[in-house]
Every structure is written in C-alpha cells, then in structure tokens.
Amino acid sequence: DHNKLALPVGTTLDRFIMRKQEDFPYATGELSQLLRDIALAAKIVNREINRSGLIDIAGAYGNRNVQGEDQQKLDVIANIRFIRALRNGGEVCTIISEEDEDMIQTGNDQGKYVVAIDPLDGSSNIDVNVSIGTIFSIYRRVSPTGRPGTSADCLQPGTHQVAAGYVIYGSSTMLVYTTGNGVNGFTYEPSLGEFFLSHPDIQTPKTGAIYSINEGASDTFSPGVVAFVKHCKDASFSARYIGSLVADFHRNLLKGGIYIYPATGKAPKGKLRLMYECNPLAFIVEQAGGRSSDGYQRTLSIEPKDCHARCPIFIGSQDLVEQAEAFMAQE
Ligand code: AHG
Ligand code: MN
Ligand code: MN
Ligand code: MN
C-alpha cells in the first residue's frame, strides 16, 4: 500500500499530502487542506523573518502577552499570519495561541479541526539571527459542527492529536510534521516557493550524547535533575542549548540527545506550555521512535487544565529519557 511506497526525496509537499491522503480512503481532504494552509503561512512568515532586519519589524512590540512576556513584533506578525491563514482556509473552527489569552473563534463553525499554535518559538533569538520556529498541533473538534468550538474541543490530551509539526526558520527553512504515520521533513526552496521532501521517515537515534538544558537555573533543579545532568557530564556528553526549543529539538531529533526544561525556581511547573510546545513535539518524537515525559508521566497523556498550562519536559532519545526518568524516580 502507499504507506510502504516511500515517496522519493524531492517530492513536493503538495504531492506528498495528496498521495498520503489516498491512504485514508474516507479522507475528505480537509486535513490535507489544513496542512496546506499552515505551509502557506509558514512561507509568508519565513519571508518576514528573513527581512526583519531591513524593515522595522525586529525588536519589541511594546505589549506583554498572557505569559507575561514582552511580545516581539515578529511574535505578533506570525500570530496574525497563522490565524489569518487558518481562518481563510475554512477548516479550523477554533485556535489556541501562545499570544492570545482566550481561544480564538475563526467563524468557521462548520470547521472540524482545532489548532493549538506557538506562532513564533524562541522569540528572544529573533534580533540576534539565531534559528526560531513555529510549533502547531491539530485536533478534531469533539463538539457538533454549526457552532463555535468549545474549551472541551481545545483541552484534549496529546494522544488525541491528528497531526503535529513545526517549522524551523534556520540556515534553511524546514517543515517537519506527522499525521500519526511517521515523521517527514520538507526543506523550503524560496526561489520556487515550494517545500520539497528532504528527510523522509525520520527516525531519531535510540540514544545519543547531547544534553540540552539551561544550567543557569541549576541551583534550583530538583535532586533527580542535578543527578542526571552530572550523569551526562560523567559520560562526557556535549552540552548544546540554543534557547530556541524548535532548534534544540530538531538537532536532537536528527542526531540523538535529550532536551530538558525541568521545574525551576522561576518556573515551578517548567516554562514550556503543554498544548502548543510539549504535546506537538511529544507526538513527533514518539512517531520518530523517541520518548517524552514530564519526568514521571508520558507527556501525551497529561490532562490539560487550561490552554496555557505549563509542564516540565524530558524529550528525545528513548534511552536518555528513560535514564532521566530513573533518576527522577530515585529522588
Ligand atoms: P517562546 O519564544 O515561544 O516563548 O518560547 C521560548 C522557550 C523555548 O523556545 C526555549 O527553549 C526556552 O523558552 C528558553 O527558555 P530559557 O531562556 O528559560 O532557557
Ligand atoms: Mn513567548
Ligand atoms: Mn515557544
Ligand atoms: Mn512563542
């Protein structure tokens, strides 16, 4: 069947989506259209990021978001672009965004999907030309169509995701996503305006020798985290921390490694948000053969309490996350 028939490197994203849609005989094409809408917004945001130094859209926007963070202009621009693309695409009834306190109703009450999105991840890196990203998570609504989405539509556990992905605006711009049948990576060719399959069927290494954690907070780490970080040093791992979750995650996905954002003094529940940072990356890493938890519980099975809920995350190579969990259990 098509699933086995690997599509060749160089296949365009459009063709890939179409061929994979054929694998789902009852697919009506809405999810395919939704993925295309996200890719379109990514192309637009990519262009604005690449010229942000030239037109005055770098720097702070002068607003604080619900997270209490100083919004960067590109945070706001990316948020507007993705919400507009999803609204115009017609498939999404409701959106949760890091940059908006309340869920956003698109007006597409017939839409069958809900999207949780981090429109721009790694905002502190925008003005210093370091890789940043977008992270998205897609659910089917549970409430009947014909009316706006509800919080029950939005607060579903990660196991209910139908798709998840990220865009990394780095030395090249890539779209990496899963619909539950493996993970595929597409590289953007700006001169053609197309994403091309460049990393088919990504499998993350079972183990690795990279650990990513902000050790500036190590005085407030719990004993299990302190012990695991020491274990990494004793094993002569490389410390790699870019400060953009998408960039750190993507490197570890391809090379093997573990990313940890634990509970710290400043962030007692961790800093990363469950709905639009932890769950989508946890879905991707599991589809690629890796593992993700809060140190104790599988990330995807955490019951969301509110759309901006934070949780600790230990994510990456199966063996490394299991080792970290063993240290957490001995605390
Ligand atoms: P965002 O820019 O979407 O708010 O996310 C920032 C996150 C993540 O990208 C990064 O890994 C982490 O914050 C860095 O946090 P610290 O500066 O506390 O290490
Ligand atoms: Mn932010
Ligand atoms: Mn983020
Ligand atoms: Mn963000």
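Quick rundown of the values:
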read-out	value
The stretch 84-99, residues that are outside any strand (DSSP E or B) and either touching a Leu at 6+ places or on another chain (Cβ under 6 Å) or away from ligand 3 (no atom under 16 Å from the Cβ) (or both)	ARG84, ALA85, LEU86, ARG87, ASN88, GLY89, GLY90, GLU91
Those residues of the stretch 130-150 which are hydrophobic (A, V, I, L, M, F, W, C), out of contact with any strand residue (DSSP E or B) (no Cβ under 7 Å at 6 or more places or on another chain) and away from ligand 4 (no atom under 16 Å from the Cβ), in sequence order	VAL142
Residue list for the stretch 84-115, restricted to those being among the acidic types (Asp, Glu), surrounded by fewer than 21 Cβ atoms within 10 Å (Cβ to Cβ) and within 16 Å of SER143 (Cβ to Cβ)	ASP109
Residue in the stretch 251-269 that is in contact with a strand residue (DSSP E or B) (Cβ under 8 Å, 6 or more places away or on another chain), in contact (Cβ under 8 Å) with a residue 60 or more places away in the chain, within 11 Å of ligand 1 (Cβ to nearest atom) and in a helix (DSSP H, G or I) present	no
Boolean, ARG81 is surrounded by fewer than 17 Cβ atoms within 10 Å (Cβ to Cβ), of a type in the set (Lys, Arg) and not in a loop (DSSP other than H, G, I, E, B)	no
Restricting the stretch 120-165 to residues that are of a type in the set (Ser, Thr, Tyr) and within 11 Å of ligand 1 (Cβ to nearest atom), the residue that is most open to solvent (accessible area, probe 1.4 Å)	SER124
Test: PHE327 is of a type outside the set (D, E, K, R), closer than 18 Å to PRO223 by Cβ, open to solvent by 10 Å² or more (accessible area, probe 1.4 Å) and not in a loop (DSSP other than H, G, I, E, B)	yes
Any hit, the stretch 212-221, residues being in a strand (DSSP E or B), of a type in the set (Phe, Trp, Tyr) and over 23 Å from ASN50 (Cα atoms)	no
Selected residue [away from ligand 4 (no atom under 16 Å from the Cβ), of a type in the set (Asp, Glu) and assigned to a helix (DSSP H, G or I)] from ASP153, ASP127, ASP102, ASP109	ASP153
Qualifying residue in the stretch 129-136 (condition: within 17 Å of the chain's Cα centre (by Cα), among the small types (Gly, Ala, Ser) and within 16 Å of ligand 2 (Cβ to nearest atom))	yes
Any hit, the stretch 282-293, residues being touching a residue at least 60 places away in the same chain (Cβ under 8 Å) and of a type in the set (Ser, Thr, Tyr)	no
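Results for (1) open to solvent by 60 Å² or more (accessible area, probe 1.4 Å); (2) under 19 Å from GLN318 (Cα atoms); (3) in contact with a helix residue (DSSP H, G or I) (Cβ under 6 Å, 6 or more places away or on another chain); (4) aliphatic (A, V, I, L, M), shown as yes or no for each residue.
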position: ALA209; (1), (2), (3), (4): no, yes, no, yes
position: SER212; (1), (2), (3), (4): no, yes, yes, no
position: GLY216; (1), (2), (3), (4): yes, no, no, no
position: PHE221; (1), (2), (3), (4): no, no, no, no
position: GLY224; (1), (2), (3), (4): no, yes, yes, no
position: VAL229; (1), (2), (3), (4): no, yes, no, yes
position: CYS232; (1), (2), (3), (4): no, yes, no, no
position: ILE242; (1), (2), (3), (4): yes, no, yes, yes
position: HIS250; (1), (2), (3), (4): no, yes, no, no
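The values are calculated or read from the model by the stated rules, or taken from the named source; none is laboratory data. Quantities reported herein were computed from a predicted structural model and do not represent experimental measurements. All Cβ positions, glycine included, derive from the backbone under ideal geometry; neighbour counts span all protein chains shown. The accessibility values were calculated without ligands, DNA or RNA, using every heavy atom of the protein model including side chains. Shrake-Rupley method; radii C 1.70, N 1.55, O 1.52, S 1.80 Å.
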